[in-house]
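> Before I ask anything, here is the structure I am working with.
The values are calculated or read from the model by the stated rules, or taken from the named source; none is laboratory data. Predicted model, so just to flag it, every value in this text is computed and none were measured. Cβ placement follows ideal geometry from the backbone for every residue including glycine, while neighbour counts extend to all protein chains displayed. Side chains included, ligands, DNA and RNA excluded: accessible areas come from the protein's heavy atoms. Shrake-Rupley method; radii C 1.70, N 1.55, O 1.52, S 1.80 Å.
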Amino acid sequence: MKLERSCGVLLHITSLPGEHGIGTLGDEAYKFIDLLSEHGVSYWQILPTGPVSHSMKYSPYSSLSGFAGNELFINIDKIKEKKWFIDNTVITPDICEDSFADFINAEEFTTNFIKLAQDNFIKHSKKEEMDEYNKFCTEHGDTWLNDYSLYRALASKFNTFNWLEWDRDIALRKPKSIAAITQEFKERSDYFKFAQFLFYSQWKEMKEYADEKGIKIIGDIPIYMSMDSADSWSNQSILRIDYENMTPEFVAGVPPDYFSETGQLWGNPIYIWHNDKGESDNNELNEETYQWWQARVKHSLKLADIIRIDHFRGFESFWSVKYGEETAIDGEWIKGPGKDFFDRLAKDLGDLPIIAEDLGIITPEVKKLRDELSLPGMKILLFAFDQNNKNEYLTHNITHKECIVYTGTHDNNTANGWFYDPSMSEDDRKYILEYLGMRDWSDFHLRLIREAMAAIADLVIIPAQDILGYGAEFRMNTPGTIENNWKWKLTKNALNKKNMAVIKRMAHIFSRIPEFSRIPEK
C-alpha cells in the first residue's frame, strides 16, 4: 500500500460531540470532517463500527457482528428530515453536555426512536424509498443481514447474546427450528433490518462527504469474532467449538509478557484456519474460513479507505488456550494462515490497503510476514523512552517510511497523562526531556506531536486527546480492565480552529500537506 507523506487524527464516532449522549453520524461528524479538511489533515482513524452491548461494556472490540453497523451511530435529526417521517411528538432526552458518553440513555432513546421511524417509514414512504430498502435487504440478506437480524431477535427472546445458552436446536441452527423461529420473529427481525438500513444510508452519505473533502477513513477490524455474536452463531463450522458441553473448545489470548505476568485471556473462539485444524504440517487453508474472511475484508473496505487489522501477529501464529483455564499461561502457539491467506485475498480483491497492528512482543517471523506483504506497521512514541537507544520506537531508529507513527493509540494513556504521571521516575523524565530537546515540563503533548510529525514515516496519526493536551482521565481504554472504558467524548467546540491551527502549522513545516510546496506565513 502506497501512502503519501501526510497526517491524521484518531477519534471514534462515539467520541464526537453528539447532543444525545454519544457521537453519531450527524452534523458533528460533518463538522469534524470540515475541521480536518481545513487544517491539512488527510486521514480520520476510527475504532470498529460494529454493534455493541451493555453486557460487554460497549466495547467496539467485542462487537455483535463484523458486518452490521452500530445502531447507536444513527443520527435522529437526519431521520426527522426525511419526508416519510411526519411524527412531531418526539421528545429528545435532556442530557447535559459531558466529557463522557451516556451509552445507557442513548441506547434507550435511539432504540425507541428507530421503532417510531420504522412505523413512519412503513406508513408514509414512497415506492422508490421502499424499493431502496428492499434492495438493501436483498443485497446484504444472504451475506449477513438475515442472520444478524434473527440473532438479535433471538437474543431478546433468550435474554442473552451467548447463543450457546439458547435452546439447543436453535443454537445449532437445525433447519426445522430455524425455519419456525424465522417466521415467529419476523417482526422483531425486520426492526433490526430497518435499523441497519438507516445506519448504512447515513454512513454512505457521510463517507461520500468525506471523499469530497479529501478525507480518507481508516477503519479497524479485530482479528477475532466475539463468541457472543451473530458471526459465531452463523459460522460455527469455522470455529473450534465443543458441542458436547456447548462451550468454545479453545479461546484466544496472549501469553505472559512484560505487560502481564499471567498473559491476557480474551475468550474469543479460535478459527479453524486449516483443514487439519492445525494439528499437522498440512497448510491447506480451510475454504469456509477463507470465504468468511474474504467477505469480511471486502465489506470493511466499502466502509473505509484503509483498514487496520488488530493483532496482526495472529496471522503468523496465535496463542491458543483450552477453554476453562483461568489465565493465559497454559496455552500454545499455533501456526496461522500466513502469507498464503493474504496472497489469495490480494488475488481475489486486488490491492489490500491494510495496516498491520504489529505491537507487543513481535517475532522475526511476524516482521517477515508483514514486510513480504508490504504492509505498513505501527510505531508508538509512548513505547520509545525506556533509555535504550536501540529502542525501535525512537524516531532516530525509524529508518523506513512505510509505517505509521502514533503518539499513542486508544489503548495508551494520553501523552500528558503518561508524562505527568507521578509514578514516572525523575530519571526517566529527565531522559525524555533530553531526547526531545525540551527546556522544561510544559506542553509535552505538543513536543511529542512535533517529534511524530518530523519522523520519516509516511503517515502520522494523533489521538484527539493529545491535540488537546488532555490528561489521564480522558484516555479511551485501559487494557486488562472492563470498567470505565470507551466513554470519552469531545465537548462542543473543544476541538476547534485554534488548536487545529497548531497541527496545521506542524503539518506544513514537516511536509505533511502534499499540495503545499513551501511553508506559508504564520
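> Just for the range 479-505: of the residues that are without any contact (Cβ under 8 Å) to a residue 60 or more places away in the chain and surrounded by 12 or more Cβ atoms within 10 Å (Cβ to Cβ), which one is farthest from the chain's Cα centre (by Cα)?
Filtering first and then ranking leaves Arg505.
> So for the range 455-464 (the condition being in contact with a Gly (Cβ under 8 Å, 6 or more places away or on another chain), within 17 Å of Tyr393 (Cβ to Cβ) and of a type in the set (Asp, Glu)), does at least one residue qualify? Show your work before the answer.
Filtering the range 455-464 for residues in contact with a Gly (Cβ under 8 Å, 6 or more places away or on another chain) gives 459-463.
Narrowing further to those that are within 17 Å of Tyr393 (Cβ to Cβ): 459-463.
So of that shortlist, the ones also of a type in the set (Asp, Glu) come out as none.
Scanning the range 455-464 turns up no residue that is in contact with a Gly (Cβ under 8 Å, 6 or more places away or on another chain), within 17 Å of Tyr393 (Cβ to Cβ) and of a type in the set (Asp, Glu).
> Restricting to the range 393-421, count the residues that are part of a loop (DSSP other than H, G, I, E, B), in contact with a strand residue (DSSP E or B) (Cβ under 8 Å, 6 or more places away or on another chain) and among the aromatic types (Phe, Trp, Tyr).
Final tally of qualifying residues: 1.
> Can we say Ser125 is small (Gly, Ala, Ser), in contact with a helix residue (DSSP H, G or I) (Cβ under 9 Å, 6 or more places away or on another chain) and open to solvent by 20 Å² or more (accessible area, probe 1.4 Å)?
On the way: small (Gly, Ala, Ser): yes; in contact with a helix residue (DSSP H, G or I) (Cβ under 9 Å, 6 or more places away or on another chain): yes; open to solvent by 20 Å² or more (accessible area, probe 1.4 Å): yes.
Yes.
> Still on this structure, I have one more. Name the pairs whose Cβ atoms lie under 8 Å apart, with the first residue in the range 123-136 and farther than 10 Å from Phe197 by Cβ, the second loosely packed, with under 14 Cβ neighbours inside 10 Å, and 6 or more positions between them or separate chains?
His124/Lys83; His124/Ile86; Lys126/Lys83
> Do you know which of the residues in the range 64-74 that are open to solvent by less than 20 Å² (accessible area, probe 1.4 Å) and not in a helix (DSSP H, G or I) is nearest to Gly267 (Cα to Cα)?
Leu64
> Exactly one condition in (1) touching a His at 6+ places or on another chain (Cβ under 9 Å); (2) hydrophobic (A, V, I, L, M, F, W, C); (3) in a helix (DSSP H, G or I) is false for Trp486; which is it?
With (1) touching a His at 6+ places or on another chain (Cβ under 9 Å); (2) hydrophobic (A, V, I, L, M, F, W, C); (3) in a helix (DSSP H, G or I) applied to Trp486, the lone miss is (3).
> Also: If the requirement is being open to solvent by 20 Å² or more (accessible area, probe 1.4 Å), within 17 Å of Tyr209 (Cβ to Cβ), modelled with pLDDT under 95 and not in a loop (DSSP other than H, G, I, E, B), which of these qualifies: Asp34, Asp77?
Numbers: Asp34 fails: modelled with pLDDT under 95.
Only one candidate qualifies: Asp77.
> Taking the range 423-442 as the search range and keeping residues that are among the charged types (D, E, K, R), open to solvent by less than 90 Å² (accessible area, probe 1.4 Å) and at pLDDT 95 or above, which one is farthest from Ala507 (Cα to Cα)? Give the derivation first.
So in the range 423-442, the residues among the charged types (D, E, K, R) come out as 426-430, 434, 439-440.
Filter once more, so that each one left must be open to solvent by less than 90 Å² (accessible area, probe 1.4 Å): 428-429, 440.
This time we only want the ones that are at pLDDT 95 or above, so: 428-429.
Working: Asp428: 29, Arg429: 27 Å.
Among those residues, the one meeting the criterion is Asp428.
> In the range 160-177, how many are open to solvent by 60 Å² or more (accessible area, probe 1.4 Å) and either hydroxyl-bearing (Ser, Thr, Tyr) or touching a helix residue (DSSP H, G or I) at 6+ places or on another chain (Cβ under 6 Å) (or both)? So that I can check it myself, show each step before the final result.
Here is the first cut: in the range 160-177, the residues open to solvent by 60 Å² or more (accessible area, probe 1.4 Å) are 165, 167-169, 173-176.
Keeping just the survivors that are either hydroxyl-bearing (Ser, Thr, Tyr) or touching a helix residue (DSSP H, G or I) at 6+ places or on another chain (Cβ under 6 Å) (or both) gives 169.
Counting residues in the range 160-177 that are open to solvent by 60 Å² or more (accessible area, probe 1.4 Å) and either hydroxyl-bearing (Ser, Thr, Tyr) or touching a helix residue (DSSP H, G or I) at 6+ places or on another chain (Cβ under 6 Å) (or both) gives 1.
> Restricting to the range 116-152, and then to whatever is under 24 Å from the mean Cα position of the chain (by Cα) and among the aromatic types (Phe, Trp, Tyr), can you tell me which residue is farthest from Gly66 (Cα to Cα)?
Across the range 116-152, the extreme among qualifying residues is Phe136.
> Among the numbered conditions (1) open to solvent by less than 10 Å² (accessible area, probe 1.4 Å); (2) over 19 Å from the mean Cα position of the chain (by Cα), tell me where Thr407 comes up short.
Going through (1) open to solvent by less than 10 Å² (accessible area, probe 1.4 Å); (2) over 19 Å from the mean Cα position of the chain (by Cα) one by one, Thr407 breaks only (2).
> Return the residues of the range 11-31 that are crowded, with 22+ Cβ neighbours inside 10 Å and either closer than 21 Å to Leu301 by Cα or hydroxyl-bearing (Ser, Thr, Tyr) (or both); say none if nothing qualifies. Before you say what the answer is, go through the steps one by one.
So the first thing to find is which residues in the range 11-31 are crowded, with 22+ Cβ neighbours inside 10 Å, and the list is 11-16, 18, 21-25, 29.
Answer for the range 11-31, where residues must be crowded, with 22+ Cβ neighbours inside 10 Å and either closer than 21 Å to Leu301 by Cα or hydroxyl-bearing (Ser, Thr, Tyr) (or both): Leu11, His12, Ile13, Thr14, Ser15, Thr24, Leu25, Ala29.
Conditions tested, residue by residue: (1) closer than 21 Å to Ser229 by Cα; (2) modelled with pLDDT of 95 or more.
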{"position": "Ser260", "(1), (2)": "no, no"}
{"position": "Gly263", "(1), (2)": "no, no"}
{"position": "Gly267", "(1), (2)": "yes, no"}
{"position": "Ile270", "(1), (2)": "yes, yes"}
{"position": "Trp273", "(1), (2)": "yes, yes"}
{"position": "Asp276", "(1), (2)": "no, no"}
{"position": "Gln291", "(1), (2)": "yes, yes"}
{"position": "Arg296", "(1), (2)": "yes, yes"}
{"position": "Ser300", "(1), (2)": "yes, yes"}
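> Scan the range 367-404 for residues that are open to solvent by 30 Å² or more (accessible area, probe 1.4 Å), of a type outside the set (D, E, K, R), in contact with a helix residue (DSSP H, G or I) (Cβ under 7 Å, 6 or more places away or on another chain) and without any contact (Cβ under 8 Å) to a residue 40 or more places away in the chain and jot them down. Spell out how you get there, then give the answer.
Taking the range 367-404 and keeping what is open to solvent by 30 Å² or more (accessible area, probe 1.4 Å), we get 367-368, 370-374, 379, 383, 386-390, 392, 396-397, 399-402.
Pick out the ones that are also of a type outside the set (D, E, K, R) and you get 373-374, 383, 387-389, 396-397, 399-400.
Next, only the ones that are in contact with a helix residue (DSSP H, G or I) (Cβ under 7 Å, 6 or more places away or on another chain) stay: 373, 387.
Residue satisfying the conditions is Leu373 alone.
> Related question: Is it the case that Ile361 is open to solvent by 30 Å² or more (accessible area, probe 1.4 Å), among the β-branched types (Val, Ile, Thr) and in contact (Cβ under 8 Å) with a residue 24 or more places away in the chain? Write out each step before concluding.
On the way: open to solvent by 30 Å² or more (accessible area, probe 1.4 Å): yes; among the β-branched types (Val, Ile, Thr): yes; in contact (Cβ under 8 Å) with a residue 24 or more places away in the chain: yes.
Yes, satisfied.
> Would you be able to tell me the number of residues in the range 46-57 that are open to solvent by less than 20 Å² (accessible area, probe 1.4 Å) and either of a type in the set (D, E, K, R) or touching a Phe, Trp or Tyr at 6+ places or on another chain (Cβ under 9 Å) (or both)? Outline the logic, then answer.
Here is the first cut: in the range 46-57, the residues open to solvent by less than 20 Å² (accessible area, probe 1.4 Å) are 46-48, 50-53.
Subset that is either of a type in the set (D, E, K, R) or touching a Phe, Trp or Tyr at 6+ places or on another chain (Cβ under 9 Å) (or both): 47-48, 50-53.
Of the residues in that region, 6 qualify.
> A follow-up question, please. So which residues in the range 345-392 are part of a loop (DSSP other than H, G, I, E, B) and over 23 Å from the mean Cα position of the chain (by Cα)? Break it down stepwise before answering.
So the first thing to find is which residues in the range 345-392 are part of a loop (DSSP other than H, G, I, E, B), and the list is 350-353, 357-363, 373-376, 384-392.
Of everything in the range 345-392, those that are part of a loop (DSSP other than H, G, I, E, B) and over 23 Å from the mean Cα position of the chain (by Cα) turn out to be Thr363, Ala384, Phe385, Asp386, Gln387, Asn388, Asn389, Lys390, Asn391, Glu392.
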